[in-house]
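The values are calculated or read from the model by the stated rules, or taken from the named source; none is laboratory data. These numbers were taken from a predicted model, which means no experiment stands behind them. Here the Cβ is made from the backbone with ideal geometry for all residues, glycine too, and neighbour counts use every protein chain on show. Side chains included, ligands, DNA and RNA excluded: accessible areas come from the protein's heavy atoms. Shrake-Rupley method; radii C 1.70, N 1.55, O 1.52, S 1.80 Å.
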Amino acid sequence: SAASDVYKRQIHIVTSSALQQLQQQLPTAQIDSSRFRPNIVIDDSGHPIDDSCLGKELCIGDVVLQVIEKTERCIMVGHPQPGLDTDTTLLPWLTQHKHSCFGYYAKVVNSGSIAVTDAVVLR
């Protein structure tokens with residue numbers, strides 16, 4: 001059912017490399033993770049995480065997340081956020097170049113604690 005599909009989307013993830021790439025594409029935009037409201041921002045600057053992560057597991061500390069789908073964006077990414085102005089360029093760019101998607105949904109396979117310093121392993 002549609003309700004059970006939404007339930008599988010327990011965690012929303014964005015990556016530092018994706019944010020940096022977006023800022024390069026839209027240099028005048030105020031790109032900040034808060035526009036996308038993720039649960040987790042992964043610093044993947046040494047090893048960028050891309051769409052090849054779909055279906056795989058991310059291990060962070062003792063937490064295991066299965067990446068299940070790309071996150072489709074809505075008009076909210078352009079709305080003002082604390083410290084960020086309205087952005088009318090972001091959603092049209094994502095729609096044209098990323099099929100309106102930015103970030104990933106994951107479901108929890110193994111719950112636990114995550115620390116800022118925990119390594120992220122994709123398997």
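Please go through the stretch 82-93 and pick out each residue that is open to solvent by 70 Å² or more (accessible area, probe 1.4 Å) and either part of a loop (DSSP other than H, G, I, E, B) or touching a strand residue (DSSP E or B) at 6+ places or on another chain (Cβ under 8 Å) (or both).
As a first pass, look at the stretch 82-93 and keep what is open to solvent by 70 Å² or more (accessible area, probe 1.4 Å): 82-83, 85-86, 88, 92.
Within the stretch 82-93, Pro82, Gly83, Asp85, Thr86, Thr88 meet the criteria.
Evaluate the following for Arg37: is it modelled with pLDDT of 90 or more and surrounded by 17 or more Cβ atoms within 10 Å (Cβ to Cβ)?
On the way: modelled with pLDDT of 90 or more: yes; surrounded by 17 or more Cβ atoms within 10 Å (Cβ to Cβ): no.
So Arg37 fails the test.
For the stretch 45-81, which residues satisfy the criterion of being assigned to a strand (DSSP E or B) and β-branched (Val, Ile, Thr)?
Result: Ile60, Val63, Val64, Val67, Ile68, Thr71.
Considering each of Gln66, Gln96 in turn, give the residue that is of a type outside the set (A, V, I, L, M, F, W, C) and open to solvent by 70 Å² or more (accessible area, probe 1.4 Å).
After applying the criteria, what remains is Gln96.
Being touching a Ser or Thr at 6+ places or on another chain (Cβ under 7 Å) and closer than 16 Å to Pro38 by Cβ is the filter; apply it to the stretch 69-78 and report the residue that is least open to solvent (accessible area, probe 1.4 Å). Write out each step before concluding.
Step one: filter the stretch 69-78 for residues touching a Ser or Thr at 6+ places or on another chain (Cβ under 7 Å), giving 72-73, 78.
Filter again for closer than 16 Å to Pro38 by Cβ, leaving 72-73.
Details: Glu72: 134, Arg73: 24 Å².
If we take residues in the stretch 69-78 being touching a Ser or Thr at 6+ places or on another chain (Cβ under 7 Å) and closer than 16 Å to Pro38 by Cβ, then Arg73 is least open to solvent (accessible area, probe 1.4 Å).
Checking Val116 against (1) in contact with a helix residue (DSSP H, G or I) (Cβ under 9 Å, 6 or more places away or on another chain); (2) open to solvent by 30 Å² or more (accessible area, probe 1.4 Å); (3) free of Cβ contacts under 8 Å to residues at least 40 places away in the same chain, which test does it fail?
Every listed condition holds for Val116 apart from (1).
If you check every pair at least six apart or on different chains, which have Cβ atoms under 9 Å apart with a residue in the stretch 57-80 that is in contact (Cβ under 8 Å) with a residue 60 or more places away in the chain first and a residue that is outside any loop (DSSP other than H, G, I, E, B) and basic (Lys, Arg) second?
What qualifies is Ile68/Lys8; Ile68/Lys107; Glu69/Lys8.
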